[in-house]
Structures are given as structure tokens and as C-alpha cells.
Amino acid sequence: MSDVRVKFSLDKEVEEELDVFLPPAPLLAGAHVSGLPSYHDLYRSSINDSDRFWATVAAELYFEQGSTKGLEWNFDVRKGAPFTRFMSGARTNVAYNCLERNIKRGLGDKVAFLFEGNDPRDASKITYNQLLEKVVAFSAVLRTRGVGKGDTVSIYLPMISELAIAMLACARIGAIHSVVFAGFSAESLAARIVDAKAKLLVTSDGVFRGTKPIALKPIVDKAAELAAADGCLLPKVIVVEHLKRVSLPDGGKAPQFGPSCSHERDEEWEAAMESVKGVDSRVEWMDAEDSLFILYTSGSTGKPKGILHTTAGYMTYAYQTTKMTFDVHHETDVYWCTADCGWITGHSYVLYGPLMNGLTSVFFEGLPSYPDASRLWQVTEKYKVTKMYTSPTAVRALMAVGDHYVTKYDRRSLQVIGTVGEPINPSAWRWLHKVVGEGRAAIVDTYWQTETGGHVIAPLPGATPLKPGSATFPCFGVEAVLVDSEGRLIEGPGEGNLCFARAWPGMLRGVWGDTDRFAKTYFSSFPGFYFTGDGAKRDEEGYIWVTGRVDDLMNVSGHLLSTAEIESALAAHEKVAEAAVVAAPHDIKGSFPYAFVTLNQGERLTPSLVAELKQLARTKIGPIAVPDIIQQAPGLPKTRSGKVTRRILRKIAEGFDNGLGDTTTLIDESVITQLIAGRPSNA
Ligand code: WTA
């Protein structure tokens, strides 16, 4: 990789024209990696001498038993089933590394989390000592309710303290957590309970999102019923009575959702905690490759995949990427990742990574838009946040409402602002840099996936000259390559399929219960490589620009959705013969689901049918999957082999009238003219 040529010096006057932004001087000084040559040196050793590199990182963590083994892997399906192992034979525990290890080095009385509720009046804090006490107690609850090592626990909770406690308690005893984002529908939750064969589920009565109360327990009850009908009995549900303790939005009424413990399997959280008073619950030492958690993510075929992460590798990688990408120092930093633990970002960069680094972090239940669009900056000022991590979709939404929401709060503490979830457009990047960070903060665009466990392409705040819109260079130990459609390596500048040529500690170990799908999804497209499903470009200076999904997944507000899953939800309606869903561009969300539906003979797409179809997507998947536009299609463009050509539908959804590409292979070209003519006026 060639050294980066810096074209301009950082000068406020010419900021708008800058191509490259140098690391801010104050960050350079104390950084873990300072200056680009240091990054290159370390990167080279992480590839050429990877076992030693990772052994040095692992030595910063606690292992009950070490290992002389480093990474072992096979990515080539022609040579056998793909696998990855790290530090085979070692024994450790991730929760121990988050808690006891920090307490032993004197951080016991340090604040671990600053809980910031949906309502700004609901704020509290917890130290490392106090967090450990709760985690030990809840781990005793789990054990006494029959959960042990290797059992799975589903967690369906909003961003409240019990979510962190429940995840850590699972990790402490070697139970595998499966956190399901508390915005998923009962059907989605049921499918995840069944697939994971959960022995226990943790939830809450409900939650406020802004001024809106949302009941969660009835969703869980429905999900348990659906799971039971599918042969999976959920033996135990623990319910946090959250709504009772929150401040009600001004003028709001306490919601009446019925009793939170309505079934004999239900048990209230505080009562359960009370019942184990004085019961000790020791740490379970786990083998390096014992399972830590599963987290479901959308799959091209429609059925969600349970991404499996294990112990030593995930732990080492979440620890090290948090340290490097945000250049954290526990003595001085106040860190804040706005993500929800229902997604991988919350696992690696709200919970595990920050705790292992001994940080004080904000744990945020709220929304960036409530009580108004200045919440992120108000909280930043309140806690003097130094390192912040959010999503491009939030940035675009906040950018649209005006700078005065930002500038009325003091953001001088901010040194690093990270984004994740989708490519960040250069204008949003520049706004973050100029308006939010006032030119002082480094902007880190981090590229990664549920599957990668942690950042795989990201800048280092004290080392990498930044280009707006580029995630820059691979992280340590990651060999990012571009390959063409034949699987041949593209050297130098170019564009292609983004793959990884070697294993890194944090990568997924499998798809829960489906070995074939693991091999097929990630390793069969380009033998010898892990394929991300994304396309990317590399410029003359080696910078990587991720362009987005090249498969049948779409990214809506930073969340991956499967076109096939939405299509089958719509096709479940008795009036729908066939549905095709594509991603169409959206200013704030990045993209939105645009659906084409072919109806049965004689049916018409009335407003009430549109509403029914949207409701179907909502109940089968969740609000995020609801198509913004549903268009009636007299037919769908298909190839002679019967495949729907989504490439053409995507162009139509984007508003193109011509330039749709090759249409000669279609059975019926006239369908296209009809679809263009039938495009709704708001499309
Ligand atoms: C996309 C989220 C461009 C990408 C951590 C990837 C990004 C998918 C970026 C994974 C980024 C995430 N630039 N694209 N900085 N970050 N993506 O599994 O398409 O929810 O494959 O993990 O999000 O989404 P997932």
C-alpha cells in the first residue's frame, strides 16, 4: 500500500475544498498509534506475524489458561469445510474481563455506565463494582432457573440497565445470549426463539420511544404462543417493570398494558433478584471457542441467520478495535455509542468493547430527536463526551433540521466522532466535521458487519488522513481485497467485490444450526475468500470506498433487510400473486423498500389494500420493513428462466424512464413501459 499523499494542510479557510483531513494535532500526541507510518508498520506486522501480534493484544486481557496457538482457519471450500479458531485450548471469560479484571486494576469505583433515559429526567449511573454485583445476582437467577453453560437465552429489552446486566450475566455463566431488537414483531421474535431453542427470555413491560408508549410484554406473550405452536416451549420469562419507574412525558398518561406477569412462566425481575440474595454465582471459565452469543441478521434467502460468535477471538477483537478506532484512554475519556444492543454495534461498542477498556460510557435509551433534535449535543455537553459513535442516518436527519440545534450546546469535549451502518455521504461527513466537531474532531467512518464482530475497515484518529466518504484502510490483521466477478484479485486502484483473504479473531464462527449456509453464504462465491456481500472501490492511494450491497439485501437507516423476506410477507396476502421489493434512494434513510406487487385476477390496489400490505410487513417483520411505496405491477420483468430482474425494477424505483440496461432477455418487454407509466406520483 502506497503512503498517502496529503494534498492540503488543515486550514480553516480552505476547509471546504480539502480532499484530505490530517489527524488533529492534540490527538496525534497521545494516540495509541500516532502517524501514518506507525499504522503501516503495525499493520504489516499484524499480517506478516499475526500470531505474535494477537498474542500481544491478548496479553492485555485475562486468561485463566493461555495458549500457544494463534489463528487457524480454512476459507477454501474446495479443501474442506470453512472454519476459524483462535487461541485453541485457552480458557477465559468475557464478563470477567469486563468486570473483575477492571476492578482488580483499581477501577471498581469508576462509573461504568451513565444511563440516560428516554426522558432526560431519567438519568442514573453505575460503577464497575455495582455492575458486578448485579451481574452476579442475575447470573444466579439464571442458574437457579435452570440455565447453564451452552443454553440459550433470548433477550427482548429496550436500552435499559437490565439489558447490559442480562447479557453480562449470560456471559458469566457461559449461557449464549440472543438479543432480539425490541422493535421486531412477535412473529420475528418467535422465529428467533424457536431457532435458538431459548430456555429463558428476558423482557420488560414496555418502553417509551419519545412520547409514544410501546407495550413489549404482549408481543412476548404472542411470540411465546407462536413458538409453542412451532414445538418450542419457552419455560421462563423474566419481566422488568420499566414503565413504573420512568418519568412520563409532559401531559402523558401512564400506559395501561395489563399485568406484566400474566402467565405462570413469568417472573418479575426485582423479585427474582431478591430471591437469590446471598447466593454466590461463580465465573464459568470458557474454552476459547465456546459460544458467546448469537445475533440474527437478515439473509438473502429471507430466513434470518443466527450469526455465532465465540469467546476468545470476539473478546480480543472487540477490545482491541474499541481501543484503536476510538483511541480510547480510560483515564480521560467519556465514551458514547448511540446504538441499541439489539444490533451488533451495541454488542461490541456499547457493551463489551468499552467495558473491557475500563471506560465510562453513556448508555442511551432515547432518541436523537426527543425531546428535540438537540438531544445528542445536550447529552454530549452534560457528560463532556469525548468519543462518540452514531449512524449516518441519524446524522442526515439532524443535519436536515438545522445547525442551531447543534450550536446551542458546548461540544468542545468531542475528539472523535464515528459512524457505522452504511456509507456516509461526503456532505454528511463534512457537516459532522465542520458543524458538530468544529474542525477539531477526527471523523471515523467504520465499515464492518454483524459477521465481522468488530471494525474491519476504519481510520485511526491519530494516524489516518481522512477523506470524506471513505472508511480508509483495513484494521490490524484484516486483509481486505477486491475481486472481480470471476474471483480474480484486483490489484491497485479499481472496483470489485469486497472480500477478506484471511481470518481475524473477531469473525463469525458459523450460522447457528446451519453449517451449509455458513459455507454457502460467505465462502462459495469466491473460493478462498470470505465475501462480504458489499462492493467497494480502491483509489490510487489505497483508500477503500464501500459502495453498498451487491446481493439481495438492502440497507434501510443502517439496518439490513432482506428483499426476499419482505416479498414473502407481502405475498402472504391472499390478493397478492407475486411481489418484488427493491431498494430506492432516500435522503435520510439512505434507502427505502419499494414494492411491486402483482395482484390476483380482478383485484385492484386500493388504499385499504396498501394499508393491509404495509401492516403485513409490520407484523411479520417489524416497522422498519414497511415499504414506503407499493406499486401495482401488471407483471414483473422476468428473464426466460423466470428470474425477476431486480436490476431493472431498481432503476424504475429510482425514477429512471430509460437507460434501464439490457432488456432484450426479458420474456415481455412491454411490462417495463407499463411499470414506468404506473409509477405513483409520490415515487
Ligand atoms: C453496511 C453493522 C459502508 C454494509 C455494523 C455491511 C457499511 C452492512 C458501513 C452490515 C460503512 C456498515 N460503510 N457500508 N461504514 N458499515 N455498512 O450486519 O453493507 O447490521 O455489509 O452490521 O452494513 O450491517 P450489519
| query | Taking the convex hull of the alpha carbon atoms in region 448-589, what volume per residue do you get, in Å³? | reply | 146 Å³
| Accessible area per residue, Å², the chain with all protein chains present, probe 1.4 Å | 38 Å²
| task | Would you please put 330-336, 249-255, 384-390 in order of how densely packed they are, using the mean number of other Cβ atoms within 10 angstrom per residue and starting with the highest? | result | 384-390, 330-336, 249-255
| When we measure straight from the Cα of Lys434, which lysines land under 28 angstrom away, once same-chain ones fewer than 8 places off are left out? | Lys7, Lys12, Lys323, Lys382, Lys384, Lys387, Lys408, Lys467, Lys537, Lys589
| query | When we measure straight from the Cα of Lys253, which lysines land under 23 angstrom away, once same-chain ones fewer than 8 places off are left out? | reply | Lys212, Lys217, Lys244
| request: Report, in whole Å, the centroid distance computed from the Cα atoms of region 656-683 and region 405-430. | output: 39 Å
| request: Working with all protein chains in place, sort Tyr409, Tyr352 by solvent-accessible area computed with a 1.4 Å probe, largest first. | output: Tyr409, Tyr352
| message | Can you report the principal axis dimensions of region 627-678 using only the alpha carbons, biggest first, rounded to whole angstrom? | response | 30, 20, 16
| said: Can you give the log10 of the normalised intensity I(q)/I(0) at q = 0.10, 0.18 Å⁻¹, computed with Debye over equal Cα scatterers of region 213-344? | reply: -0.60, -1.33
| query | Along the principal axes of its C-alpha atoms, what lengths does region 61-167 span, in descending order and rounded to whole Å? | reply | 58, 33, 31
| request: Could you work out the equivalent-ellipsoid semi-axes for region 345-502, taking the square root of 5 times each eigenvalue of the Cα gyration tensor, largest first, in whole Å? | output: 30, 18, 14
| note | Rh (Kirkwood, all Cα-Cα pairs) for region 248-314, Å, reads 17.2 Å
| remark: Carbon/sulfur accessible area of the chain, % of total, 1.4 Å probe, equals 51 percent
| Distance-filtered residues of region 527-548 - backbone nitrogen under 19 Å, label point 7 angstrom along Ser641 Cα→Cβ | 527
| Under 20 Å from Lys575, Cα to Cα: aspartates and glutamates that are on another chain or at least 8 residues apart | Glu565, Glu567, Glu603, Glu612, Asp628
| Got a number for the accessible area of Arg502? Probe 1.4 Å, square angstrom, nearest 10. | 40 Å²
| request: Which order do the peptides 79-88, 528-537 take when ranked by the mean count of other beta-carbon atoms within 10 Å per residue, highest first? | output: 528-537, 79-88
| task | Can you check how the C-alpha radius of gyration of region 141-251 compares to 2.2 N^0.38 Å, as a plain ratio? | result | 1.06
| field | For the chain, fraction of C-alpha pairs farther apart than 35 Å, in % | value | 42 percent
| query | Add -39500 (n - 2.57) for each DSSP H run of 4 or more in the chain, then divide by its residues: what number comes out at 222 nm, to the nearest 500 deg cm²/dmol? | reply | -8000 deg cm²/dmol
| remark: Across all Cα atoms of region 556-676, Rg and the largest Cα-Cα distance (Dmax), in Å, are 13.9, 38
| task | Give me the distance in nm between label points sitting 7 Å out from Cα along the Cα-to-Cβ direction at Ala229 and Ala29, one decimal. | result | 6.5 nm
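The values are calculated or read from the model by the stated rules, or taken from the named source; none is laboratory data. Here the structure is a predicted model, which means the values were calculated and not measured. Note that each Cβ is placed from the backbone with ideal geometry, even for glycine, and that neighbours are counted across all protein chains shown. Areas reflect the complete protein model, heavy atoms only, side chains present, ligands, DNA and RNA absent. Shrake-Rupley method; radii C 1.70, N 1.55, O 1.52, S 1.80 Å.
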